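Okay, so here's the structure we're looking at.
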Amino acid sequence: MGAKGNMANRGRKRTQFYEVARRLGKHKLAGAGFTIVLLVIIASIFAPWIAPYNPTQMDLGQMLSAPSVKHLLGTDLYGRDVLSRIIYGARIDIMIGIVLVAIEAGVGILIGLISGYYGRMIDDILMRFTDMVWAFPPMVLALGLVVALGAGIMNVIIAIAVVSWAQFARVTRSEVQSLKEREFIEAARAIGENNFSIIFRYILPNALAPNLVLATLAMPGALLTASAMSFLGFGVQPPTPEWGAILADGREYLRVAPWIATFPGLAILFTVLGFNFLGDGVRDALDPKLRET
């Protein structure tokens with residue numbers, strides 16, 4: 001009976017996976033978002049082979065050159081190829097976004113698990129702390145932390161992660177409070193499973209779906225905040241190519257060389273849209289209330 005039960009459970013999970021994949025495949029916006037995100041990720045991985053020029057190599061004879069066959073998106077104030085810098089910038093921004101969301105999710109999910117499962121005084125303390133973090137304007141608090149820690153990629157990641165985990169904690173706590181009263185959790189307690197095993201073996205896997213949606217939707221915010229930090233001079237430092245930093249380089253040349261700021265701005269716009277479309281699709285596919293006719 002045990003073996004048959006495990007086989008049936010695996011079959012049910014496989015069926016649910018195919019059902020989610022089917023719904024996601026039929027979601028047109030999710031398909032468009034996935035295509036955009038995939039192209040950006042491919043560009044970031046294969047940047048050394050795709051970029052036509054070294055992104056940090058200066059050519060003062062080509063300063064502020066307009067888009068042409070030689071430089072498809074023009075050059076910046078130092079004669080550096082804008083297309084190459086945008087392609088390499090994708091690598092930096094995607095890396096920052098992934099690390100940021102991973103830290104946010106890890107911290108928030110852990111706090112949500114502990115708070116939701118144990119409840120009472122532990123829940124009160126952790127949720128009041130979460131409310132306090134959530135009450136601060138994220139950008140203002142992140143800027144304050146970066147000023148205290150100093151400029152740089154790692155400091156930006158730490159500063160943004162410190163102020164952005166609260167949403168994951170709230171979502172996870174809500175899921176745990178519902179799950180811990182279910183029959184399979186009572187059965188786990190009855191057979192002698194300890195709290196650690198119940199939390200991480202039984203509750204966590206069942207609380208991941210809403211967090212997966214939240215992580216997909218949090219990625220655009222992470223990208224925008226990281227780009228804003230670099231734009232203000234607190235993030236990635238020159239000459240490293242990063243979309244926000246490229247925008248900052250081009251803001252003083254909008255009249256004579258608008259392509260320097262326009263193209264990285266479009267890269268940010270379409271990447272954020274891609275993740276938003278993909279997140280909406282994942283949310284709809286995982287929502288059991290949404291059934292396609």
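So the values come out like this:
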{"quantity": "Single unsatisfied condition, LEU247 versus (1) assigned to a helix (DSSP H, G or I); (2) crowded, with 19+ Cβ neighbours inside 10 Å; (3) touching a residue at least 40 places away in the same chain (Cβ under 8 Å)", "calculated": "(3)"}
{"quantity": "All positions within region 144-172 that are in contact (Cβ under 8 Å) with a residue 60 or more places away in the chain, surrounded by fewer than 19 Cβ atoms within 10 Å (Cβ to Cβ) and not in a helix (DSSP H, G or I)", "calculated": "ALA151, GLY152"}
{"quantity": "Helices (runs of 4 or more DSSP H) within region 1-96 that include 1 or more residues over 20 Å from LEU266 (Cβ atoms) and modelled with pLDDT under 90", "calculated": "2-26, 28-45"}
{"quantity": "Residues within region 173-208 that are surrounded by 11 or more Cβ atoms within 10 Å (Cβ to Cβ), at pLDDT 85 or above and aromatic (Phe, Trp, Tyr), tallied", "calculated": "2"}
{"quantity": "Out of GLY119, GLY112, sole residue that is free of Cβ contacts under 8 Å to residues at least 60 places away in the same chain and of a type in the set (Gly, Ala, Ser)", "calculated": "GLY119"}
{"quantity": "The lone exception for MET63 - which of (1) surrounded by fewer than 21 Cβ atoms within 10 Å (Cβ to Cβ); (2) under 30 Å from ARG182 (Cβ atoms); (3) not small (Gly, Ala, Ser) it fails", "calculated": "(2)"}
{"quantity": "Flag for PHE234 being in a helix (DSSP H, G or I) and among the aromatic types (Phe, Trp, Tyr)", "calculated": "no"}
{"quantity": "Complete set of residues in region 253-269 that are part of a helix (DSSP H, G or I), more than 16 Å from ALA228 (Cα to Cα) and among the β-branched types (Val, Ile, Thr)", "calculated": "ILE260"}
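The values are calculated or read from the model by the stated rules, or taken from the named source; none is laboratory data. Bear in mind the structure is a predicted one, so any value in this text is a computation, not a measurement. Quick reminder, even Gly has a Cβ in these numbers, built from the backbone with ideal geometry, and neighbours come from all protein chains shown.
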